[in-house]
1. L398 - would you say it is touching a Pro at 6+ places or on another chain (Cβ under 7 Å) and surrounded by 13 or more Cβ atoms within 10 Å (Cβ to Cβ)?
2. In this structure, is S258 closer than 27 Å to A29 by Cα and either of a type in the set (A, V, I, L, M) or not assigned by TED's automatic domain parsing to the domain that holds G433 (or both)?
3. Looking at the stretch 432-447, I want the residues that are under 20 Å from N472 (Cβ atoms) and have a partner that is among the small types (G, A, S) and surrounded by fewer than 23 Cβ atoms within 10 Å (Cβ to Cβ) with Cβ atoms under 6 Å, at least 6 apart or on another chain. Which pairs are those?
4. Considering only the stretch 504-520, how many residues are over 15 Å from Y537 (Cβ atoms), exposed (fewer than 14 other Cβ atoms within 10 Å of the Cβ) and either hydrophobic (A, V, I, L, M, F, W, C) or modelled with pLDDT of 85 or more (or both)?
5. Between G365, G402, which is farther than 17 Å from Q473 by Cα, of a type in the set (G, A, S) and free of Cβ contacts under 8 Å to residues at least 60 places away in the same chain?
6. Filter the stretch 411-429 down to residues that are modelled with pLDDT under 80 and among the acidic types (D, E) and give me whichever is surrounded by the fewest Cβ atoms within 10 Å (Cβ to Cβ).
7. What are the pairs with Cβ atoms under 6 angstrom where one residue, in the stretch 214-227, is more than 14 Å from V264 (Cβ to Cβ) and modelled with pLDDT of 85 or more and the other, located anywhere, is buried (at least 18 other Cβ atoms within 10 Å of the Cβ) and of a type in the set (K, R)? Sequence gap at least six, or different chains.
8. May I ask you to verify whether T385 is β-branched (V, I, T) and outside any strand (DSSP E or B)?
Amino acid sequence: MNAKILLSVFTILFLIAPQEILGQDSEEASIEIMPSDTTIMVGDTLQFTARILADSTAIDTTFNWQVSDSSIAIIDDSGKLFAIAEGEVEISASFDSLEAVVELEIEEPEGDDDNERELRMVPGDTTIFVGEYLQLKVQYTDGSGWTDTTATFVLNDDELAVIQSGDSLLALKEGDLEVTATLDSLTATAEIEIEENSDDGNQELFISPSDTLVVIDAQVQFRAYFTEDSSQVADSLNWSISSEIGSIDSSGMATFTSVGFGFVDAEYNGINGRASIRVSQVVDDSTGVQQIIINVPRNNPNVAPATYEIEEGDVFRLKGFASPLNYLNGGTVFFPLGSITEDIRIEVSREDYTGTTEDGTPIVGGIGFDVFVNDTLISPYNFETPVEISIPFKRGLLSNLGIDATNLSIFNMEDTGDVDTTGVHSVVVDSLGGRIFGYVSHFSTYVLMPAGALTTSTEDEAIDIPDQITLNQNYPNPFNPTTTIGFNLPGNTTVNLTVYNVMGQRVATLIANQTLNAGSHSIQFDANNLASGLYIYRLTTGDQSFNKRMLLLK
C-alpha cells in the first residue's frame, strides 16, 4: 500500500484584519483569548475575553464567539460561556479573517451525591499573562448541588500576583502561583501559571512555516516575522539549517535532501527565530498504514480519558495536562511510516518526579506511554524504526533546580525508580523554543535530567546478563551508509548475522558461525556498496532465527 504524505504545520499565521481597526501600516495581527486552555465543571459559567495584537498595540473590539459543540456548552456574544455537559470543546474568537482558539475541558462535578461538604474554585488550573486580571469564583456543595459563595483567598507568592476587590487576581510576574480559597474549615486550590505577555516589547522572530513535516526532495519557502508587530522581515536575514537535512539560500528557500530532524534558523541584527523540521522518506509499507488510539488522562481521575485516533505518519500533540505538569502541553510524538506493523493502543500516564534523585541529581517530569496490542500490555514495545518525541520545558523551573537548559537530556524512569538512557538516541535541545527532541526505540516513562548525569559502573555491567536472546533495531535507521546492529545473548552462543535484500538475496555476512560470550554485542554494517532501499538483517542461533528491517537512504 502506498503510504500517505503528510505535511503538518502546527502554528498558523493570521491574516490581515480591517484597516479601520488595525491601522494603515499593519500587515498582520493575531487574536489573544483569555483564559487559555482550562477546566470547569458542568453548570459553571466562564467569561472569556479577547483582544487583537497588532503593531505593538492591544486593541479591544467586538468578536464573534463560537463553541465547537453546542450540546456541551453555549457561549453568548459577549464571550460568556455556560457548561451544559461533560466533554471537550474548542472556543473560538474571530474578527474578520482573524481567529484564535482555546480548548476547554468540562467535567462532571464531584460530590453531588455523596452528602459531603466541599469547596471548589472556578476556573480551576489555568494560564494567564502578566498584567491580566482573572476573576476568581468559589462554589460550595453539601451534596445537593453546587452554589456560588464567597471565600477568603490566599496566595503562596505575593510577588507573582495580588488580590484586588476581594476576588479579582492581577498577575504581576511570571511564575507558578497557587491560590487557596478558604470558607470555614473548607479549602480549595487552583494552580495558575503566569506567563510573560506576548506584547511585552521583547523582540523575537517567528518563522513560518513552523514545526513542519516534509518529504525528502521537497522545497519550502520560509519567511520570518517580528513577534512584536507581526511585520515581515524581508532584508538582511541570515538563514541556516542546524543539521544535515538540506540547504537554504539567502531568500529562505530550503531544499531537503536527507531524512532526519533539524532546525531552520533565522537571525536579524541579533534577533533570532527557529522552526523545527522533520524530513521523511516516501516508502511503500507492506504492512499498510497502522491505526493508533491514544488515551490521555483528564485532570479529574473519575472521568474517562480523552481518546484520540491517529495513523502512522501522523504527529500527535500532547494537551490537557494540568499544573504542575502543564508545561508538557505542546509536546509531540511522531510515528514515522513503518514504525509499527500492527494497530496499537497507547495509554498516556503522568507522574511528577520533579525535584532531585536520591543522589541529589535534579530531575524534571515525567510522562509515560504504555502500549497495548489487542488489549494486551506489551512492555517494552519495540518500534520497527525509532519514534520521535519532543518534551517542552520551562527555563524558570530548570533554573530553580540548577539545570542548564543547554545541557539537558531525556532519560527513562524505570518502575524501580532507576533512570537510564536505554533506547534514547539523537537528543537535540532547542533552547530557543524551550523543547527537547529525541528518538526512542521503545516507549517508557520519560524524565529530563542534566546530560551525563549517569555514570556507568563496570562492576554492574559485568553481572548484567540478558535472560533471553534478543535482536535490537539498528541505529540510526534510516541510515547512510553505516549503521549499528546490536543483539543480546544469555549464554555462550554460536551465531550467524546476515543481511538480505527484499528479493531474499543475501547481500552481506556480518558474523559467520562465531561463538560469542553471554552479554550484549554490536557490530557496524557498512552499506556503501548497496543501493538505497529496504533490507532485512537476520540473527540465527541454532534453531532460532530473528529478523529486523532497516532502511538505507543515500
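The values are calculated or read from the model by the stated rules, or taken from the named source; none is laboratory data. Every value quoted in this text rests on a predicted model; they were computed, and no experiment measured them. Cβ: placed from backbone, ideal geometry, glycine included. Neighbour counts: every protein chain shown.
1. Against the criterion (touching a Pro at 6+ places or on another chain (Cβ under 7 Å) and surrounded by 13 or more Cβ atoms within 10 Å (Cβ to Cβ)), L398 does not qualify.
2. no
3. Note: pairs meeting the criteria are Y439/S426; V440/G423; S441/G423; H442/G423.
4. Count: 1.
5. The unique qualifying residue is G402.
6. D415
7. Close Cβ pairs satisfying both conditions: none exist.
8. Values: β-branched (V, I, T): yes; outside any strand (DSSP E or B): no.
It is false that T385 is β-branched (V, I, T) and outside any strand (DSSP E or B).
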